[in-house]
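What follows is a short report on a single structure.
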Amino acid sequence: MEINSTGDVSTTDRATMTKTEEAMKTYGAMLKTINEQIRELRKVPPTAPDYESVTSRLKKLHTQAEDITDKMQELVEKVAKELE
């Protein structure tokens, strides 16, 4: 991280942090939506006629959540490296 003579963070670093914050908010919103969908699908009883499609959708949602979490982690690591 670059700090100028006045003790402020550089404009480039500030822009990077702002973009990162926006991306994290977007990822967070995506995860929230996925979690809400998962909660609703878990309410479907195993005896429901379409339960097989529900379990398939749950698997896809869990995979999406894992992918988003991985992207968040990669972003944090990338920014941390850039700000060193």
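Between R42 and R14, how many nm apart are label points set 7 Å from Cα along the C-beta direction?
Label at R42, label at R14, 4.3 nm between them.
Answer with one residue from Y27, V76, T16: the one whose Cα lies farthest towards the positive end of the charge dipole of the chain, charges on Cβ with Lys, Arg +1 and Asp, Glu -1.
Y27
Under the rule of -39500 (n - 2.57) per DSSP H run of 4 or more residues, summed and divided by the residues of the chain, what mean residue ellipticity at 222 nm is obtained, to the nearest 500 deg cm²/dmol?
-27500 deg cm²/dmol
Using packing as a proxy for protection, rank 16-23, 42-49 so that the peptide with the highest average count of other Cβ atoms within 10 Å comes first.
16-23, 42-49
Could you give the angle, 0 to 90 degrees to the nearest 10, between helix 51-82's Cα long axis and the longest principal axis of the Cα atoms of the chain?
10 degrees
How are the alpha carbon pair distances in region 2-84 distributed across 5 Å bins from zero to the largest one, expressed in percent?
All Cα pairs considered, the percentages come to 3, 13, 17, 15, 12, 9, 9, 7, 5, 4, 3, 1, 1, 0.
All of the numbers you see were taken from the coordinates with simple rules; none came from a lab. Everything numeric here is computed off the predicted structure, so don't read it as measured data. Virtual Cβ from ideal backbone geometry, glycine too; neighbours counted across all protein chains shown.
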